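The values are calculated or read from the model by the stated rules, or taken from the named source; none is laboratory data. If you're wondering where the values come from, they're calculated on a predicted model, not measured in any experiment. Cβ coordinates were reconstructed from backbone atoms using ideal geometry, including for glycine residues, and neighbour counts include every protein chain displayed.
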Amino acid sequence: MQKLKLALFTLLGIQKPKPKRTRNVAAKKPKPVWDKKRPKDVGKPKALTSKQKTKAKAAAKKAGRPYPNMVDNINAAKKRKS
């Protein structure tokens with residue numbers, strides 16, 4: 001039966017309808033910042049300045065942590081547009 005349908009489609013010049021594929025795939029969750037690779041376009045890493053370290057320590061203290069984590073350091077290193 002399948003061969004007959006295929007022959008009929010080719011004779012009439014009709015494209016064979018493609019079956020709809022339905023997959024139950026959940027949307028990909030974005031990776032946390034510590035699991036991502038460093039972007040190549042940002043250049044080489046630089047040490048935080050004393051002012052940036054102070055900002056990171058203040059953010060950690062505000063959040064109740066004894067020392068800054070990676071996210072505090074990243075936020076302190078960002079250049080603010082003003």
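Report, by residue number, each residue of the range 40-66 that is within 19 Å of Arg80 (Cα to Cα), within 26 Å of the chain's Cα centre (by Cα) and assigned to a loop (DSSP other than H, G, I, E, B). Correct list: Gly43, Pro45, Lys46, Ala47, Leu48. Report yes if some residue within the range 6-19 is in contact (Cβ under 8 Å) with a residue 40 or more places away in the chain and not in a loop (DSSP other than H, G, I, E, B); otherwise report no. Scanning the range 6-19, I find no residue that is in contact (Cβ under 8 Å) with a residue 40 or more places away in the chain and not in a loop (DSSP other than H, G, I, E, B), so the answer is no.
Restricting attention to the range 67-82, and to residues there that are of a type outside the set (Asp, Glu) and assigned to a helix (DSSP H, G or I), which single residue is surrounded by the most Cβ atoms within 10 Å (Cβ to Cβ)?
Ala76
When Leu48 is tested against (1) hydrophobic (A, V, I, L, M, F, W, C); (2) modelled with pLDDT of 90 or more; (3) loosely packed, with under 10 Cβ neighbours inside 10 Å, only condition (3) is not met.
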